[in-house]
Each structure stands twice: as structure tokens, then as C-alpha cells.
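Chemist: Dropping the structure in here first, questions after.
All of the numbers you see were taken from the coordinates with simple rules; none came from a lab. Every value quoted in this text rests on a predicted model; they were computed, and no experiment measured them. Here the Cβ is made from the backbone with ideal geometry for all residues, glycine too, and neighbour counts use every protein chain on show.
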4 protein chains.
Amino acid sequence: MAGSAWGTLLTMTTWGESHGKGLGVVVDGCPAGLPLEEEDIQKYLDRRKPGQSRFATRRREGDQVEILSGIFQGKTTGTPISMVVKNTDQRSHDYSGIKDLYRPGHADYTFDEKYGFRDYRGGGRSSGRETVGRVAAGAIGAKILENLGVTVAAYTTSIGPVEIDRGRFDLEERFANSLCMPDARAAEEARAYLDRLMEEGDSSGGVAECVVDGLPAGVGEPVFEKLDARLAHAVMSIGAVKGVEIGDGFGAARSSGSLNNDSFVKGPDGRVAKADNHAGGILGGISDGGRIVARAAFKPTPSISRVQRTVNRQGQEVETVIKGRHDPIVVPRAVVVLETMTAFTVADMLLVSMSSRLDRIQEFFRR
Amino acid sequence: MAGSAWGTLLTMTTWGESHGKGLGVVVDGCPAGLPLEEEDIQKYLDRRKPGQSRFATRRREGDQVEILSGIFQGKTTGTPISMVVKNTDQRSHDYSGIKDLYRPGHADYTFDEKYGFRDYRGGGRSSGRETVGRVAAGAIGAKILENLGVTVAAYTTSIGPVEIDRGRFDLEERFANSLCMPDARAAEEARAYLDRLMEEGDSSGGVAECVVDGLPAGVGEPVFEKLDARLAHAVMSIGAVKGVEIGDGFGAARSSGSLNNDSFVKGPDGRVAKADNHAGGILGGISDGGRIVARAAFKPTPSISRVQRTVNRQGQEVETVIKGRHDPIVVPRAVVVLETMTAFTVADMLLVSMSSRLDRIQEFFRR
Amino acid sequence: MAGSAWGTLLTMTTWGESHGKGLGVVVDGCPAGLPLEEEDIQKYLDRRKPGQSRFATRRREGDQVEILSGIFQGKTTGTPISMVVKNTDQRSHDYSGIKDLYRPGHADYTFDEKYGFRDYRGGGRSSGRETVGRVAAGAIGAKILENLGVTVAAYTTSIGPVEIDRGRFDLEERFANSLCMPDARAAEEARAYLDRLMEEGDSSGGVAECVVDGLPAGVGEPVFEKLDARLAHAVMSIGAVKGVEIGDGFGAARSSGSLNNDSFVKGPDGRVAKADNHAGGILGGISDGGRIVARAAFKPTPSISRVQRTVNRQGQEVETVIKGRHDPIVVPRAVVVLETMTAFTVADMLLVSMSSRLDRIQEFFRR
Amino acid sequence: MAGSAWGTLLTMTTWGESHGKGLGVVVDGCPAGLPLEEEDIQKYLDRRKPGQSRFATRRREGDQVEILSGIFQGKTTGTPISMVVKNTDQRSHDYSGIKDLYRPGHADYTFDEKYGFRDYRGGGRSSGRETVGRVAAGAIGAKILENLGVTVAAYTTSIGPVEIDRGRFDLEERFANSLCMPDARAAEEARAYLDRLMEEGDSSGGVAECVVDGLPAGVGEPVFEKLDARLAHAVMSIGAVKGVEIGDGFGAARSSGSLNNDSFVKGPDGRVAKADNHAGGILGGISDGGRIVARAAFKPTPSISRVQRTVNRQGQEVETVIKGRHDPIVVPRAVVVLETMTAFTVADMLLVSMSSRLDRIQEFFRR
């Protein structure tokens, strides 16, 4: 099936494998007239690039994006934008160790069952490198939003048991530490925790959060295409994500109505606002004009350097130790994936929301 | 936008409002030859019907389903199945209390912003009654799965702070208590908790879980249409859901790779199996042949009988007390919605998975 | 597969069989605020109603539409509009004559092959009555367009060998004769031709044309979702259609560039206009601001009262004479189907076109 | 909008402009295990390559395809196949002549209206070169079909007034003459006709036909996704196409039921067959097991070397003569586009048809 595309009016179609010729994406439906150059994309790709800290794989990819179409005289033309990132660091690995066995926590077994065989080099299409295309596309989503006054920001909120302290929250700090945590002290603790795990040949899970500001009320469709449902789909489609929350999420399940309901108030500008934001900016699947808050739970990196039990293609039980370059935690590099997938999804839904009212459509065409 | 449809090869398109003439759904793409009668649908609708316990609204709807098309001589013909449930208990409420103000936690404000006005009678399209169509459609999904050896079951795992004890887990018990909990003792505690909240005019959130057994490995597409991403979309699209987990979910974020990885083992039948199931039966977005586990966090019912602050359409701050029949907890009635949405989504993805391998397609057409 | 839905932002999902309980459609994505009542739909349904002339089946259906959802206080709410037309004239036919054999020119054989069996009563889902849902939905498309200054009109241009004379063209005349021809004299000739065919137990094909006026330039997407490609899809999906043309159609294939190119000129209002319209108002798949012209070729009604050779389900060659009420020509009743399918498709593409330019999107959200 | 993608389970997403860095396509949903190499694609691209005869533009592009992903060890992996063809012959044209005026018959004006500006170099995205991606993708569709015993072949049936003689029909001849006509004598006449037009600085339209053999009965969905409706959409989406016919097409509109109905007969192999094929192999939108016949009318190349009247961006009426390399007829090079678009569309619908019957689905999963 065609499961490599995402979006309704603004879509991305990603392609590529970890050890093939490269990875890329086609963005279709981008409105014409958006100023766009490779640097707009590159700055996001650089945030997911490996080799930036001791917690990220030491594979060195330049990850230089090239825009092949859809731009003329520095602006988007409304036609598809094709972007490519070539794979440059493909060491001729010896994959004999993994090609015939199923690594625990990986998609080796399920790919083999689904397709009859798999590209076993570095995880093929199920590699984390698959996100290159998402980030490149999402960067365009973010640029569209920026031009409409909407901003998106993601960061790490916990690594294993170490959580940020909301009292110390500092958004700028996320760029200052290699774990993307908006709390320097928590980042320090998390680093110590990760060092300990690495010594033990183990890995950690974690949580990342994404906030959207400036989104007008009215975005999202009331039933199956609720803004939160779309976001949940987008976020859960990121490899290693096992949970998604909007606003208070699972916390709301333990709460009561009197605590969880956000009272409406008259905002400083005279417009309707909310006293709290337990809902994460979405009511009935539609944005309420407040901050959108989404959270993703990432499982621990499945590639660990300990001995693990598994089964091979011949159905025999075997033991294995996974070699190669692997992050002990995916969250810091996944933060930009969460941010760009959110941006892209919100931008798409924003365009979709334009046709909800006849009076505004009439006004639009009256020009 | 057309946000009232769900699915790729097997689709549902729902319609209807709380206080209109009725609600319904069109199921398209149901394979021909499935034995289907109204009773197959009704038994699911009866599980979401109001008026079954003291924790559910006292509105009495027969909620009798009528199948209008797509069946001939007791079997599905492959053409669309249209189903209708008429609204019968539409007391001529006095809605003057809410039509001009925005109830906290409800979609009143966001509908008004999106559409310019709203059908304020009983929440209109954002009412919990919207799920009637989903459940009727999902019952067909469940029947398809049943004919392919796949079963789906959902139940309540927590209400407010009261959680089930996995050691006392008894799936059949979920039909024995009005809270759908598979643990009689937890159900008793939860009842006491809810009684207390109701006295205080308050409401509670909770969590429901859904398991799928018998699903073959290979279902789900590797990138954006991962089985878990689709389930997250489906589940988050249910009103009041604020969080979704697959397998260990947010627990995995606190865990380490050595604990979270499920070892592959040789199963009793000689096939590949897993020693654990932290992954919830999905690896790389594709079913691994084990049990699928999904969980949904529901927020507390926003309609509470306490005084709440809000704003009216004129932008003035006002106080309001919501009248009418409301559940203090939506989870028990939402359990069947979770179950049927899961069944429908899995059935659709199962059909989609048929075209993944050329050898099997060749075999299929060789007949 | 889910093939009963049509549209991107404005969708219709039709259901129902000739001899089931009824037929209907769910229209999703209709902008909120459109004044709509059953009469808006009924007037279109009345145009496709049987029993209006001696060339239409004598089956008498009231074909009364009922709107079940999506309207509040006389206006669309933005939520799905469900419409039903009940089947009332279902004589208990004796179908033993056709249930086991394959009528030439009908879909009996292909349905049996596809689904393993079929609802043989009156053609089931492949009956011309399937268009009831299309017309009801298309009436809403037409109403949306009307509110945006766009009008749509269809009529018969030929019946068998009898063609209208463009020199005598009178659009109002199409309502004055039972053949929907905008040329009274051609209608008279066609009537004589049909009378002769009926005497011989035979039937005729014909051509209908649809024009759209007032559509702004810029509607349609440049590659696969060209306005003409969408129209071709919509029109060819109408039962009995075997050919579609835009503008000069097959005539353009016989022409030369110097004759076929439409020169641009300065229009009376100072805007860009065209001297001719060989292109039928579409260039590169995008509307050019001129009149859209589409044409559909309908095959002769396959049900004829002559002896025909065929094969039965047991694979034996047999002879058959089809009984029942059948039109000797489908075109006059199909004209409204062509008109409404065109209106719906154009309305959808018009909404889709709103997101093509960043400057207009910025303006839209600046409000 | 995202209008650059085509297909349901098997999709293509094309990108690229005439004078950008290149053109390409991402094919998603190709079943795993299909042997595929660049040569499989190249042989189709070579058929649309310019510079092959005196009736085709003299622009010399190598049009070498490169496959960037989705293949492992010579077989498709089930993941997206990205293909690129670089633009190599981009002479630094002087576009000052056309960038500010609207060429008659071209999409210059409609692109400007839709997007606010356009990439005017060689037509940008509306160039005939856009078909490079379609052909590359369609070659994969053809290869899938070939592995399922289905063959597709297209050829020219008329150029201007010169039609092939069905009595002299020789399919292999289409590769022997530069006009792709399966009738050598007609090809000769057509060449003379084109020479005459070229001397006059004019161009011609023409018709191409495509046949599909070996397709099993049961492919196509009964209402909006009829096989013929999908084909009409696919074919009309090819630039310059103004008409589409299935089987007898517009001829059926002039015919009578007794002549147009195809009698069913017992075939030589004992299976159901048809005595004729006026229907073009499709009944009720579903393949009937016979040959599929589709036809496309192409308008004359709009670029002619005569003086034409038009309007510029400033709204002034001007005269223009189009310079550059242009075919006097697009049909011969479009034949392979028709063939590959048909192959791709049929392959997609074939996969979609697998889920129509419960008994076959049960059998499929019983393995």
C-alpha cells in the first residue's frame, strides 16, 4: 500500500533507506510565493544530524539537502518540491551478523513477514534515517506557519526517570544542551543517568513535548480528522513512539471535571481566552486559539550492546550482541522530528480549515 | 472538509446530531459474502446505550439500528451498507441557557469559531451520540475480523485514581459490572469513588484498554500508515480522549532497552513468538503476530453540576451551571467505542496488507 | 474497496439499490451557512424522476428526499448532510427470468465475477436508480456554486443520429421538451426516431453537454487533479457513459493548431478573455475564466425487448427477452445527473483552489 | 493542493519542471519481490524521448533514469521507489519573449492566475516533460501486470484527418514507423500531411488507442471508482488530451441497443466470453474478462510558428511568434504516456480488487 505519504492539501511523500543512495521527500501542495531556500531546510536537518554529542551515533553524514524542483526565483511555485539528501557515509559493513536473525525491538521480523525479505543494511527503510524526509518536509510546514504568525517548538521533557522541573523551564536552554532539555539542571542529571546506562551497555526511553503558538481558533475537523487525532497519527508514526498525549493526557484520566475544565475568560485583548490549558488548546478536535500542547513517549533504543536472546530466519533460538553505532537515547535527535511533523500537520489542517464557512469563501472569491 | 470518513479500503462515513432526526453511518468496502443482520450491530449498540446504570445518562433511547442497503439474502453484497438509528427521546429542552454561552471543556466555542454558529441542541455533532455511527460500523469490522479468526476486546482499566489489579484480571467480569472493569474489586472501589464525586457535582476521567488477538504478522505499513499510527488516529478521534498508548506506552519512556526489548523465542508451534510484549504487538508499525494492546485516556465529563466561570457569545464573563442528564464518567460507555474503532481500523489495515507481496498476489490471481 | 465516495474537501458517499429500502447520500464538507431546504434538492430529483414522458420508464416513484442531518435553522452547519429517498414502488417482480442469466450490456456478469453473487432485483446497485444519491448531493454543489456566482446547465445535444442545430440553440427550450434538447425541431425529429426504435423493440444512445459559467480562472490542479481530469472521472462514472469530451474534444484531434488555439484578447471589462473557446475553458488543467464545456456519450439502453443471445450462470448459451419498464434512451433523464455531478466536482475543486497562493492565505487569516 | 499523486494502493507522485534540475517520481505501494532494474524503466522512457524523428523536437536529452531507493538485490522491497531523470539539455534560452505574455493554447495565463507567477522556462511544470515521471512510474505498473499475465499496448489511430485502416492493423508496425501507427500506409499518408502542416508553420491533433489483454473479470469498483472512470481520469490528466472513449465511445451514442449490446457466449475454454466488444471490456465499471479498449483525443500542439494574437501580463493585446523546438504533433510521443498511465491505473485497480470477496480473503489468510 501507499503508506509513505502524509497530508490532505499539503502532503509529503518520503522515500529512501539507511544504506541506499539517499533519502528524500516530495512536498506537494505548498502554496505559491513562499520564499524558500536550502538553508531553510538545512537548519532543521542539522538538528537531527548524528555526531553532535556523545549520546548520538558517531556516523558522520553531511546530510546536505538539495532542492530539485518547485522553486523559481527564490519562491515556491505551487508545484511539487523534491528534496534529496545523499547517503555519504556508507561503510561497507559486515551485515552477516544480522541479516539472518531478528533483532529484539527492531522491525526485522515484521518486515520479513510482510515482504518476504528485507533490506537488512542498517535497518533499511525502518532506520531512524527515514526521518530525514520528514524533517525536510516539516521545515517547509514550519516556514508556512511562520509566514502566518504561528510558531512551533519541541524539546525533551524527560529521559528515563529524569524529568524537567517546570519551574526552571527555559525554552532557549533547549539549544544549549545536547539533550534538548529546557532545564539545564535536569539535562545534567540526565547526562549522568545516560552515562551510567552506556557503561552497562543499555539504553533509555524518554518524552518530548511540542507546543504550537499563534494558531487561530477553528482548525481541525470535528469527527475523524480532529486536530488532535491527526497529531496523534503524525506523532505515533515516528519510529520508537509508543504514546501520545494532548494537554494533560493521561493526567486528565486521573483528574476530575472541576479541575480539568478550562474556564473561558475575557482575554486582555477583549477576545475569548482560557484561564487554564488542561485541554492542550483543542476542544472537540478543533483549536481553541490557545497554545497547542502535544507529548510523545519514546521507547529506549532497541540496539543495545548486551547479549540478547532471539530467533534466526531458520527458526532457531540464538544469542546476539548488536554491533555498530547507536544512540543510547533517541529523544534528543527525535525532538526536531516531533517539531517538524507537528508543524507540517498543523499547516495542512490550517489550509483545510479555510473552506469551513460560506461567508468567508464568498469574501475570498469576491476579490 | 470531509472529515467524517475513516478508512482506506474499508471505510465508514458517519453523520447525525444529538437532537436531529437520527444518526447513522455508511460502511463502504465491506467484502461480499459476510453474513450480516441487524442483531450483529445491535448487540454492540446496546453496550453503548444510555440508561444502563446509575453512572450513565438517564436519557432513554431505544437506539434501534436499521440496515437500509448492502445486504441481500442475509449476506453483504460488497456495496455500501447504510445504517440508521433514529433519535426518539428528544425532549423539547430549553436550550436558552447554553445557546449563547461557551460551556467549559465543551466544543461550543470552537464550533462557533469554525462555523460561525452551531447546532446547540445537546452538543449537536460534538455530542457523545456521534459515536452511534462509529459503533455500528465497527461492529461490521469486528464481524469481518471474527470471520478471519481475529478477536477484539476492550475494558476499563482505571477510573480516576482507581486502577484494576492485573493479578485479578478476569476478562468476562467486564460484562458483569456496569463500569466494564475486568476486576470486580476495583469496580467496587470505583463505584464508591464515583458516588462521592457525584455528590460533589463532579465527574471523573479514566482509562480503557483494547486487545486484539489472532492478528497475523505483517499488518500495518512502515512509515505514515503504521498500524499503531492508525490506531492512535482512530482512538484519539473519539471524543474526550486525550492520550493513547501502545504496549507499555509512557512506561516505555521510563524504561531501559534491556528491560523493554521483547526477546524472540521459538513458540510452542515452532513459529516465531515473543517472550514478552512490551511492544504491544507492533514493531516498526507492523503487527508481529502477538497480541495488540492499545490504551486510551479519557478526560472527565466536562458537564458537571457545579457553578463554572465562562464567557458568552457577547464576550461577557458569566457564571453557569449545566443542567441535563450527564454521565459522571464516559469510560464505561466509551469502551465499546474503543473496541469497535479498533476492530474497524484493524480490519481495514488487514485488507490493505494483502497487496504487499508479489508472490502472494500471483497466487491469488492464479485461481 | 471504498469506491462509493467522491470529492476531496466536499465529498459525497452514496448508497442504495434499486429494490432495497431506499437510496441516499451523505454530503460531507459542505461549508457552514448555506441556506438549504429539501426543496433545493427536490427540484433536481424531479428532473431525473421516471414517468415524465413516454420515453421514460413508467415506474412511479415519488422520489421524495428527506434531509436527516447537517441543517440547523435552515442553514448548513458544516457537518455531514445525510439524505434519503425511500423506494416506494417495488412491485414484487418475478426475477426468476434474470437472476440466473447475464443480460447483454448489463453488469450482471461482472458483479457475479467480482462479488460471487449479486442483488439481481432491478440491477441492484448497478441500476440507474443509483444516481438518486448523486443528484441529491450535486444539488448541494450547485447551490454552493450559485452562492458564488457560478451557474451550471446541461442538456441533450444528440439522440442517435439526430443532433441539435447550434444555430437554433435555445437553453430555455431544454425544459420545454421531454428530451431536454435546446432545439425544438431536433427534439421533434428525435421523438420520431425514438418512436420508430421503440416499435422495433430497440433503444438509442445519445450525447449530453454541460456548461459552467462564472467560474474564476485558477480552478484545477496542474497534474493529476486537472479540472478536466476530475470532470472526466466524474462523468465517466455515470452509468452508460462511454465517452467524455472537453471543449472541442475529438474534434480537436482532427484540427490544426492555428484553428484550435484560442487567442487571448482584452475583454470588454479590461480583463483577459478569449476570442474563441475550443479549449472548453480549461488550459493545462486549470480554468481560464471562460465557459467550461463538457460532453458525455451515453450508450443505448441495454434493456431492449428483442430476443438476445446470452449465457446463464451454469455457462449454457440461452436466448432471453428482457421484460420490465425501461427507457429507450437514458440521456434525457441523465442530463440532470451530468449537471449535478459537474456542479459538485467544480464546487469541490473551487474549495481546493483556495490554498494555492500564500498571499491570499495570509489575507484570509488576517481577518 | 496535493494534485501530483495518482493511485490508491499503488501510487505515483511526480515532480519536476522542464528547465529545472530534473524530473522524477516516487512510486509507493509496489509489491515486494518484483525483479526491477533501470533498464525496465529506460526502455519506456526511450519511447517518449525527443529527437527520434523529424516530427519530434530536436532537443536532445539522454533522459537516463536513476533508481534511488526501494530495490535490494535486484528486487523491489515494498518500500517507495524513487526515480530521477536529470535535465541535461538546458540551453540558456532567452525567455524574454514569453515570460510576460500568454501563449495561446498554453497554460501560461492559468498558471499566472492560479499561483500569482510562473516558472516560464519551457513551460515549467506544464511542459510535456512532466510526463517523464508518469512514464517511469507506469513502466513499473506494466512490469507488475506482466508478472500477472496482463499486457498493455498503445498506438496512434489517427493524425488530423488521417485514420488507420482496421483491416490493415498490424500491432508490430507501431514500432516500425515514427508515428507509432499500426498501419504503414496510414503512417505514410500522415507523414505527408504533417510535412504540409509544418511548411505552413502549423500543427496537428490526433488520436491514440490503448488495449489491455489478459485482465481478469472483476476489476473496477461499481460507482465512482469504475475502471473506466479511473482510466478517463488518468488519460484526461495527460496534457493536451481533450477527449476519452471506452470501447465504441461516441460511436455508441449514435448506435442502437440491438447493435451495441455484446452477446455473451460460451468461449472456447468453456468460460463466459463475448461475441463482440462494443463495451471495450468494461460493464458497470467492472472488467468483463475481455480486452479493455481506451482512446484519447489529443489537441494540436499549441506551439506553432505562425503569428498569433494574444495579451501580455500588462493586459495589452500583442502579436507573437513562438520560437523554439516543438513537435507538430504530440501523439507519437504521447503513445507511451497513454500506455504507461493505463498500465499503472489498471495495476492499482487490480490490487484494489483483491478485497472484494470474503471467501477469497479467508483463503488468502489461511496460508
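Chemist: Please list, or write none, the aspartates and glutamates whose alpha carbon is within less than 16 Å of the alpha carbon of A:Lys323, excluding same-chain residues fewer than 8 places away.
Modeler: Reachable aspartates and glutamates: A:Asp94, A:Asp100, A:Asp108, A:Glu199, A:Glu200, A:Asp202.
Chemist: Enter the Cα centre distance for the pair segment A:168-219 and segment C:109-182, rounded to the nearest angstrom.
Modeler: Taking the Cα centre of each part, segment A:168-219 and segment C:109-182 sit 61 Å apart.
Chemist: Please report Rg (one decimal) and Dmax (integer) in Å for the Cα set of segment C:232-349.
Modeler: Rg, Dmax (Cα atoms, Å): 20.5, 69.
Chemist: Of D:Lys114/D:Lys299; B:Lys75/D:Lys143; A:Lys226/A:Lys274, which sit over 25 Å apart, Cα to Cα?
Modeler: Those over the limit are B:Lys75/D:Lys143.
Chemist: Another question, if that's okay. Provide the net charge surrounding C:Cys210, with neighbours chosen by a C-beta distance below 13 Å and charges set as Lys +1, Arg +1, Asp -1, Glu -1.
Modeler: Here the charged neighbours net out to -2.
Chemist: Considering amide H positions built from the backbone, and no H for Pro or chain starts, which residues 5 or more places from B:Leu101, or on another chain, come under 5 Å of its amide H?
Modeler: Distant-sequence amide H within range of B:Leu101: B:Arg313.
Chemist: Taking the Cβ of D:Ala154 as the centre, find all other residues whose Cβ is under 14 Å away and add up their charges (Lys, Arg: +1; Asp, Glu: -1).
Modeler: Result for the neighbourhood of D:Ala154: +1.
Chemist: Given +1 on the Cβ of Lys and Arg, -1 on the Cβ of Asp and Glu, and no further charges, what dipole in debye does segment D:148-233 carry about its Cα centre, rounded to the nearest 20?
Modeler: That gives segment D:148-233 a dipole magnitude of about 220 debye.
Chemist: Which of A:Ala240, A:Phe264, A:Ala217 sits closest to the plus end of the dipole of segment A:215-270, meaning its Cα is farthest towards the positive end, when Lys and Arg get +1 and Asp and Glu get -1 on the C-beta?
Modeler: A:Ala240
Chemist: What is the P(r) of segment D:283-360, as percent of Cα-Cα pairs per 10 Å bin from 0?
Modeler: Final binned percentages: 13, 27, 21, 17, 14, 6, 2.
Chemist: Using only helices, what value at 222 nm comes out for the protein assembly as shown when you add -39,500 (n - 2.57) per DSSP H run of length 4 or more and divide by the total residues, to the nearest 500 deg cm²/dmol?
Modeler: Per the formula, -8500 deg cm²/dmol.
Chemist: Compute the separation of the alpha-carbon centres of segment A:346-367 and segment A:231-260 and state it in Å as a whole number.
Modeler: One Cα centre to the other: 29 Å.
Chemist: Taking each residue of D:66-75 in turn, how many C-beta atoms of other protein chains fall within 10 Å of its C-beta, and what is the average?
Modeler: For peptide D:66-75, the averaged partner shielding equals 6.
Chemist: Residue by residue through segment B:121-133, what is 3J(HN,Hα) from phi via Karplus (6.51 cos²θ - 1.76 cosθ + 1.60, θ = phi - 60°)? Round to whole Hz and write x for glycine and proline.
Modeler: 6, x, x, x, 6, 8, 5, x, 5, 4, 6, 3, x
Chemist: Further, regarding this structure: What list of ³J(HN,Hα) values in whole Hz, one per residue of segment D:241-255 in order, does the Karplus curve 6.51 cos²θ - 1.76 cosθ + 1.60 (θ = phi - 60°) give from phi, with Gly and Pro shown as x?
Modeler: Couplings: 7, 10, x, 9, 10, 10, x, 6, x, 5, x, 4, 5, 9, 8 Hz.
Chemist: A follow-up question, please. Going by amide H atoms built from the backbone, whose H comes under 5 Å of the H on D:Ile286, apart from near neighbours?
Modeler: Distant-sequence amide H within range of D:Ile286: D:Leu227.
Chemist: Hey, got the average number of other protein chain Cβ atoms within 10 angstrom for residues in C:302-310?
Modeler: 4
Chemist: Going by how many other beta carbons lie within 10 Å of each one, how would you line up B:Thr301, A:Thr340, fewest first?
Modeler: B:Thr301, A:Thr340
Chemist: What ranking of C:Asp40, C:Asp94, B:Asp359, A:Asp183 emerges when the number of other C-beta atoms within 10 Å of each C-beta is taken as an exposure proxy, fewest first?
Modeler: C:Asp94, B:Asp359, C:Asp40, A:Asp183
Chemist: Along Cα→Cβ at 7 Å, what distances in nm separate the A:Asn312 label point from those on the other copies, shortest first?
Modeler: 6.3, 7.6, 7.7
Chemist: Compactness ratio of segment C:325-367: Cα Rg over 2.2 N^0.38 Å, N = residue count?
Modeler: For segment C:325-367, the normalised Cα radius of gyration comes out at 2.02.
Chemist: Give the residue from B:His326, B:Ile292, B:Ala273 lying farthest towards the positive end of the charge dipole for segment B:251-367; charges sit on Cβ (+1 for Lys and Arg, -1 for Asp and Glu) and the dipole is referred to the Cα centre.
Modeler: So the residue furthest toward the plus end is B:His326.
Chemist: When the Karplus curve 6.51 cos²θ - 1.76 cosθ + 1.60 is applied with θ = phi - 60°, which whole-Hz ³J(HN,Hα) does each residue of segment C:25-38 get, with x for Gly and Pro?
Modeler: Once rounded to whole Hz, the list reads 7, 10, 9, 10, x, 5, x, 6, x, 7, x, 8, 9, 4.
Chemist: A follow-up question, please. How well do other chains shield peptide B:164-173, expressed as the mean number of their Cβ atoms within 10 Å of each residue Cβ?
Modeler: Partner-chain Cβ atoms within 10 Å, mean over residues of B:164-173: 0.
Chemist: List the residues of segment C:207-237 whose backbone N lies under 17 Å from a point placed 7 Å from the Cα of C:Arg271 along the Cα-to-Cβ direction.
Modeler: Under 17 Å, as judged by backbone N against the label point of C:Arg271, lie C:212-220 of segment C:207-237.
Chemist: So, one more: In chain C, which residue puts its Cβ closest to the axis that turns chain C onto chain A, and how many whole Å away is it?
Modeler: Looking at chain C's Cβ atoms against the axis toward A, the nearest is C:Met354, 3.
Chemist: Which whole-number percent is the relative contact order of segment C:89-198 (Cα, under 8 Å, 6+ apart)?
Modeler: 14
Chemist: Can I ask one more? Can you give me the P(r) profile for segment C:148-266? Cα pairs, bins 5 angstrom wide beginning at 0, each as a whole percent.
Modeler: The percentages, shortest bin first, are 2, 9, 14, 17, 20, 18, 11, 5, 3, 1, 0.
Chemist: Which residues among segment B:6-23 fall inside the zone where the amide N is under 19 Å from a point 7 Å beyond the Cα of B:Glu66, along Cα→Cβ?
Modeler: B:14-23
Chemist: Sticking with this one: Treat segment B:117-159 as a sphere of radius equal to its Kirkwood radius over Cα pairs and apply Stokes-Einstein at 10 °C in a medium of 1.306 mPa s; give the translational diffusion coefficient in µm²/s, rounded to a whole number.
Modeler: In µm²/s, the coefficient is 123.
Chemist: What is the diffusion coefficient of chain D in µm²/s, taking the Kirkwood radius over Cα pairs and the Stokes-Einstein relation at 10 °C with a viscosity of 1.306 mPa s?
Modeler: Here the translational diffusion coefficient equals 73 µm²/s.
Chemist: Given a Förster distance of 41 Å, report the FRET efficiency between B:Lys43 and A:Gln316 from their Cβ-Cβ distance, rounded to the nearest 0.05.
Modeler: 0.35
Chemist: With +1 on each Lys and Arg Cβ and -1 on each Asp and Glu Cβ, and nothing else charged, work out how big the dipole of the protein assembly as shown is about its Cα centre, in Debye to the nearest 20.
Modeler: Roughly 0 debye for the protein assembly as shown.
Chemist: Moving on. Stokes-Einstein at 25 °C, 0.890 mPa s, Kirkwood radius from Cα pairs: D for the protein assembly as shown in µm² s⁻¹?
Modeler: In µm²/s, the coefficient is 75.
Chemist: Going by amide H atoms built from the backbone, whose H comes under 5 Å of the H on D:Leu68, apart from near neighbours?
Modeler: Here the answer is D:Ser82, D:Met83, D:Val84, since their amide H atoms fall under 5 Å of that of D:Leu68.
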